[in-house]
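Just below is one structure, and these are the notes that go with it.
The values are calculated or read from the model by the stated rules, or taken from the named source; none is laboratory data. Everything quoted here is computed from the prediction, not taken from an experiment. Because the Cβ atoms are built from the backbone with ideal geometry, glycine has one as well, and the counts that use them run over all protein chains shown. Keep in mind that these areas ignore ligands, DNA and RNA; they rest on the heavy atoms of the full protein, side chains included. Shrake-Rupley method; radii C 1.70, N 1.55, O 1.52, S 1.80 Å.
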Amino acid sequence: MNAAIGESTHLRHGTVGPPPLFPQPPTHQGLLDPKNIPQLLPDAWAWPLDELKGPARQLRRDAAIRLVQMTRGGSRVAAARYLGITPGALQSATVTIRGWQKVPGNADAYQDATRRRDRLRVGSALFDEVHRS
């Protein structure tokens with residue numbers, strides 16, 4: 001019985017979709033201070049995401065997490081923790097976005113919107129840690 005229990009603890013849990021590409025290296029280090037990234041992206045930063053007509057709050061939260069990853073590197077969990085996002089809110093956003101991305105065209109549209117957002121000059125809309133919601 002102990003052998004069966006020991007074997008079961010080493011089983012991999014299945015996930016949906018491709019394997020994650022994280023922890024991500026800091027590709028935008030020095031271009032934006034991560035202290036200026038709020039938990040939910042403001043209108044000035046999120047307009048490409050708003051055009052998607054998807055789950056707006058979760059998309060804005062996910063985009064903030066990705067920006068922190070790009071400026072600091074690391075995993076989604078580490079970026080969410082840095083922003084003060086609870087594990088439950090991170091899990092909820094991840095599940096909601098993954099489900100939304102399964103609809104044909106949504107994953108590509110989200111990737112395109114993320115690329116457009118990354119090209120924005122974010123210096124025009126800085127937020128400090130007090131503005132995190």
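I'd like the trypsin sites (Lys or Arg not before Pro) in region 41-78 restricted to DSSP loop residues with at most 12 other Cβ atoms within 10 Å, sorted by number.
Working: sites: Lys53, Arg57, Arg60, Arg61, Arg66, Arg72, Arg76; in loops: Lys53.
Sparse-neighbourhood loop trypsin sites (Lys or Arg not before Pro): Lys53.
Label-to-label distance, Arg98 versus Lys53, with points set 7 angstrom from Cα along the beta-carbon direction: 2.6 nm. Per residue, region 62-111 exposes 47 Å² of accessible surface when a 1.4 Å probe is rolled over the protein heavy atoms with every protein chain present.
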